Amino acid sequence: MDVNKTIKILIVDDFATMRKVIRNLLKQGGFENVAEAEDGAAAFKILKSQPVDFVISDWNMPNMSGLELLKAVRADEELKEMPFLMVTAEALKDNIVAAVKAGVSNYIVKPFTAEVLNEKIEKIVKSMAA
Amino acid sequence: MDYTELRREIDEMASSFLFLEKKEIEIPLAGQFLNQLEDVTKRAGTLGAAEVKRLAGALSQLLEKVILEGVDTEKGYGLFERGIVLLQAVADGYCNAGRYDGSVDGFMGELASCMGTPLEAEPSGAQTAAPAAEASPGAEAAGKDRVQDESLLKDFITEGLEYIGEIELNILNLEQEPDNKDYINAIFRPFHSVKGVASFLNLDGIRTLAHDLETLLDKARNEALAVTPELIDLILDGSDTLKAMIGQLRDDQEGREATELIDTSDIVRRIKLAEQGADLPKEPKKLGTILVEEGVINEDELQGALERSQAPPSRKLGQTLISEGMASPKDVTRALRKQAQQVTDSNTIRVDIKKLDDLIDMVGELVITQSMIRQSETLKSLGDRKIVRDISLLESITSELQRSSTVLRMIPIKQTFQRMSRLVRDLSKNSGKLVNVVTVGEDTEIDRNMVDEIYNPLVHMIRNAVDHGMEMPEDRIKAGKPERGTIKLRAFHRGGNIVLEIADDGRGLNREKICQKAIKNGLISPTDALTDQEVNRLILLPGFSTAEKITDVSGRGVGMDVVKQAVEKLRGKMDIQSTEGAGTTFVTSFPLTMAIIDGMIVKVGSERYILPTVAIRQLIRPDRAAYNCIVGEAETINVMGRLLPLVRLHTLFDIEPVNRNPWEATLVVMEGEKRSKCLLVDEILGKEEVVIKNLGESLKRIKGVSGGAILGDGNVGLILDPEGLFEMAETN
């Protein structure tokens, strides 16, 4: 089964260049339907107001961190099934375990290639479909 | 005890595990397991089911490891499955019999060995998957993403520089509230973001430096490191280097001449040293430890050799090792060199200020004792030459000791000034104003204890000067002033105080506006006739500052009244001079508490007092004609054409003097903050360097007296405060 490339992906990162990096990598994987948010709070607003199929979020952001966003999403009746990929800088054990416990769909460690990103997305989407 | 809930939860885990795809990890399910295991651990803890608790704890560690890709998924899951089955059996035992008769040790051992295999070799343990993830895919990305790199690089340069600018501002906040985690986080984040993008763009130098700085800050955030001024300076230096590196990228991009490659080795080394400062003792490692670390000998051999070298005839460890052939001379010399290196790495030590205070106090006691011995009549009557010589030697040694111990705590104001200059630069950059900083008197020394105390008030005055004093460049040009403003920081000693001046050449205070505001806030009435000086001082009143004053730079709307209070708490004084259109000068003066001062010992009647020499202009015995006394007015003395008020020390302190007539006594011309007066004393006994001693809480606020000191003969003399004396004379 091929993953639907037209799903809408929301990139959440406070660093604009980083959002662009991820956008470019997604494009290489064929995903072009992309929205951006600069922190957790902005992302949550978008999630509540627009149809989004997938969230890629940074861990460390002002206002609302990635973990807080994840918790808010999982606690929200409409959004709790949302596929959520967490981007972290290092495989810091505490961070990742905290994210996993909070119900993250998967995590990815910076820097990553388009292939790895693609793989992670496909894996999540497939397991959701199964 | 009810184990059914526990049992039910474990069974639930077992059944959901059955449906798990065993080849690949499913993160969401793993998360569920982790939460369940945590729950089981807690429950087992309260029920007292030790084996269940132990097993569940170990299983969640295993699972974490699988999640972090520290253990092969299939192998990890295999173990996990067996663990769950065992957990079920143990829970069964507790359920039926209240205990478990078998042992979980065998399985726990297996678990430990699985988790401890090569993958555990990564020393920190916290970063298990990081190196693999960073190394190979990053390199792969290089070729592929070259095309998109160009535009990304440009974005990175702009945004990166912006972010680092943010760091600098936040650091200034942190400096004032070193414990504020929000500020640490605000500084941490930009480094983190810069590092993240740099890793994608293969900018290794930038990534490494940002990473090191981030690690340092992380330690500060977790309180493994204290936020000291040194740490802050280091972070600032680090962000400067980072900025320079990104700046170089920009030059490179814009095709400008390549500058010399920036050397980061020094800053990286300093960061590493600072990091170690937290968890490593400062004292150099022992020779044996170094040799063990180098793998020359092992721990047991070291212990043996240590014992043997201590046994008589005692020898050095190195000699024992060489003579017994356990280490080659080359190994030992290399280790010794390494040890010496460690010592030179830290040629300054940090000492608790309390210890210094104690030392200085004890030296004070020593001086008294020494002086008592010197004046002992019994010793004098001996007439022994040798004793006289020895005592004078003792005297010179004690005074040298006193001098050097007092100086220990005095530091030049330079460092504070440098920080202030930096603050001005950052503030001006942020507000779009152009400001130069000029410093005068950087070498003026001040007690270390005072440095910290005066810091906050100074910061506020600087902020005020940049925020409200300085005009925008275009306004300055319109006003016929140079585009670039100047803030002058000046420090000097005056009247036994250290005076710090912050002068700007900005717009100055607007009399009209201040009066309006003061009337509006009910501080003065419209009919009050105030001098310029009085008007200026209005801004120091509580209730003058309003919320309007808050800007994004000042942050909090702290008014000048708060600054004034802070200064006064330090027994300092504060004043403002201002000329509209030409600038404002804040003048603060602080006492040099606990510092040495040069004192003039004067005698009045039978009492002796110390006058700070810095406040003394002249010593005179005037002609009778120079003395004027108008009935009902103050007495004055004509000192070289100037009429100065006469202050009689004996009247102020109610002492019976030897001389009442100025032309028979001695007059000390003293300079206060703004005015000079003549002080009438009986005679001058001499000049002496004295250590100011606090008079203690209860006597602290006596007017005219700033402290006490131990005189050369061991007696205590009071140090007089000229300004206080003047005030006493004026109110009498």
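Under the rule a/c < 1.5 gives rounded, and otherwise a/b versus b/c splits prolate from oblate, where does the protein assembly as shown land using the Cα gyration tensor? Cα axes put the protein assembly as shown in the prolate bin.
Taken one residue at a time, the phi angles of the range B:516-523 give Karplus couplings (6.51, -1.76, 1.60, θ = phi - 60°) of 4, 5, 5, 5, 4, 7, x, 7 Hz. Gly and Pro are set to x. Charge dipole of chain B (Cα centre as origin; +1 on each Lys and Arg Cβ, -1 on each Asp and Glu Cβ, all else neutral): 2700 debye, rounded to the nearest 20. Each of B:TYR100, B:LEU216, B:VAL40 was scored by the projection of its Cα onto the charge dipole of the protein assembly as shown, and the greatest displacement toward the positive side belongs to B:LEU216; charges sit on the C-beta of Lys, Arg, Asp and Glu. Here the contact order of the range B:397-495, divided by its residue count and restricted to Cα pairs under 8 Å and six or more residues apart, works out to 38 percent.
Using the Cβ atoms and a cut-off under 14 Å, what net charge is assigned to the surroundings of B:ILE477, where Lys and Arg are +1 and Asp and Glu are -1? Don't skip to the end; give the middle numbers.
On the way: positive: B:LYS433, B:ARG476, B:LYS478, B:LYS481, B:ARG484, B:ARG507; negative: B:GLU471, B:GLU474, B:ASP475, B:GLU483, B:ASP505.
Computed value for this residue: +1.
Close amide H contacts of B:VAL647 (hydrogens built in the peptide plane, cut-off under 5 Å, sequence separation of 5 or more or a different chain): B:CYS678, B:LEU679, B:LEU680.
Once the chain from B:THR531 to B:VAL438 is taken as fully extended at 0.36 nm per residue, the excess over their C-alpha distance is 30.5 nm. At B:SER265 and B:MET640, where each label point lies 7 Å from the Cα along Cα→Cβ, what is the point-to-point distance in nanometres? Between B:SER265 and B:MET640, the simple spin-label model gives 6.0 nm.
Can you give the accessible area buried between chains A and B, summed over both chains, with a 1.4 Å probe, in Å² to the nearest 100? Spell out each step's value before the answer.
Working: alone 6970 and 39070 Å², together 42320 Å².
The contact between B and A buries close to 3700 Å².
When the charge dipole of chain B is built from unit charges on Cβ atoms (+1 for Lys and Arg, -1 for Asp and Glu) and taken about the Cα centre, the candidate among B:PRO412, B:LEU87, B:ASN180 whose Cα reaches farthest toward its positive end is B:PRO412.
Counted over the protein assembly as shown, the DSSP beta bridges are approximately 70% antiparallel.
Dipole of the protein assembly as shown computed with +1 at Lys/Arg Cβ and -1 at Asp/Glu Cβ about the Cα centre; of B:PRO190, A:TYR107, A:ASN118, farthest Cα towards the positive end is B:PRO190. Averaged over the residues of peptide A:97-110, the number of Cβ atoms from other protein chains lying within 10 Å of each residue's Cβ is 6.
Rounded to the nearest whole Hz, the Karplus-based 3J(HN,Hα) values (6.51 cos²θ - 1.76 cosθ + 1.60, θ = phi - 60°) of the range B:679-693 follow the sequence 9, 8, 10, 6, 7, 9, 8, x, 10, 8, 8, 10, 9, 6, 10, with x at glycine and proline.
Taking the Cα centre of the range A:9-129 as origin, sum charge times position over the Cβ atoms of Lys and Arg (+1) and Asp and Glu (-1), and report the length of that vector in debye to the nearest 20.
Working: 15 positive and 18 negative charges, 36 e Å.
Dipole size: approximately 180 debye.
On a per residue basis, chain B carries 51 Å² of accessible surface, using protein heavy atoms and a 1.4 Å probe.
Shape verdict for chain B, please, from the Cα gyration tensor: rounded (a/c under 1.5), prolate (a/b greater than b/c) or oblate. Cα axes put chain B in the prolate bin. Taking 0.36 nm per residue of separation and subtracting the Cα-Cα distance, full extension of the segment from B:THR289 to B:LEU394 would add 33.5 nm. Computed from Cα positions, the angle between helix B:181-200 and the longest principal axis of chain B comes to roughly 50 degrees. Heavy atoms of the protein chains alone define the surface here; on that basis chain A has 39 Å² accessible area per residue at 1.4 Å probe size.
Once you have a ≥ b ≥ c as the square roots of the Cα gyration tensor eigenvalues for the range A:1-104, tell me rounded if a/c is under 1.5, and otherwise prolate or oblate according to whether a/b is larger than b/c.
On the way: a/c = 1.38, a/b = 1.20, b/c = 1.15.
Cα axes put the range A:1-104 in the rounded bin.
For the range B:28-44, accessible area lost to neighbouring protein chains reaches 10 Å² or more, against the chain alone with a 1.4 Å probe, at B:PRO28, B:GLY31, B:LEU34, B:ASN35, B:GLU38.
Taking the Cβ of B:LEU209 as the centre, find all other residues whose Cβ is under 14 Å away and add up their charges (Lys, Arg: +1; Asp, Glu: -1). The partial results should precede the final answer.
On the way: positive: B:LYS195, B:ARG207, B:LYS243, B:ARG269, B:ARG270, B:LYS272; negative: B:ASP204, B:ASP212, B:GLU214, B:ASP237, B:ASP240, B:ASP263, B:ASP266, B:GLU275.
Net local charge, B:LEU209 excluded: -2.
For the range B:186-223, a decrease in accessible area of 20 Å² or greater in the assembled protein chains relative to the isolated chain, with a 1.4 Å probe, applies to B:ARG189, B:HIS192, B:SER193, B:LYS195, B:GLY196, B:VAL197, B:SER199, B:PHE200. Using C-alpha pairs below 8 Å separated by at least 6 residues, the relative contact order for chain B is 7 percent.
Tell me what the protein assembly as shown gives for mean residue ellipticity at 222 nm when only DSSP H runs of n ≥ 4 count, each as -39,500 (n - 2.57), the sum divided by the residue total, rounded to 500 deg cm²/dmol.
Numbers: 31 runs with 451 residues, N = 862.
That calculation yields -17000 deg cm²/dmol at 222 nm.
Accessible area ranking (1.4 Å probe, heavy atoms, ligands and nucleic acids excluded), largest first, for B:THR406, B:THR378: B:THR378, B:THR406. Maximal additional length on extending the B:ALA244-B:ILE373 stretch stands at 40.1 nm, based on 0.36 nm per residue less the C-alpha distance.
Please find the FRET efficiency linking A:ASN33 to B:THR613, where r is the Cβ-Cβ separation and R0 is fixed at 56 Å, and quote it to the nearest 0.05. For R0 = 56 Å, the calculated efficiency reads 0.10. Relative contact order for the range A:9-129: 24 percent, from Cα pairs under 8 Å spaced at least 6 residues apart, divided by residue count. Near B:GLN370, within a Cβ-to-Cβ distance under 14 Å, what is the net charge of the other residues, with Lys and Arg +1 and Asp and Glu -1? Every neighbour counted, the sum reads -3.
What size of dipole, in debye to the nearest 20, comes out for the protein assembly as shown about its Cα centre when the only charges are +1 on Lys and Arg C-beta atoms and -1 on Asp and Glu C-beta atoms? Walk me through the intermediate numbers first.
Values: 107 positive and 138 negative charges, 443 e Å.
In debye, rounded to 20, the protein assembly as shown gives about 2120.
Coupling constants for the range A:52-68 follow from the phi torsions by the Karplus curve (6.51 cos²θ - 1.76 cosθ + 1.60, θ = phi - 60°), and in residue order they are 10, 9, 7, 10, 10, 10, 6, 7, 9, 9, x, 6, 9, 6, x, 5, 4 Hz; glycine and proline get x. Computed over protein heavy atoms with a 1.4 Å probe, the carbon and sulfur contribution to the accessible area of the protein assembly as shown reaches 52%. Angle between the Cα long axis of helix B:329-345 and the longest principal axis of chain B, 0 to 90 degrees, nearest 10? The angle comes out near 50 degrees.
Paramagnetic label reach from B:LYS703 (point 7 Å along Cα→Cβ; backbone nitrogen cut-off under 12 Å): within the range B:644-660, residues B:652-653. At an R0 of 25 angstrom, the distance between the Cβ atoms of A:LYS5 and B:LEU29 translates into a FRET efficiency of 0.45.
The values are calculated or read from the model by the stated rules, or taken from the named source; none is laboratory data. Keep in mind that what you see is a predicted model, and the values were worked out from it rather than measured. Note: ideal-geometry Cβ built from the backbone for every residue, glycine included; neighbour counts use all protein chains shown. Surface accessibility is based on the protein's heavy atoms, side chains included, excluding ligands, DNA and RNA. Shrake-Rupley method; radii C 1.70, N 1.55, O 1.52, S 1.80 Å.
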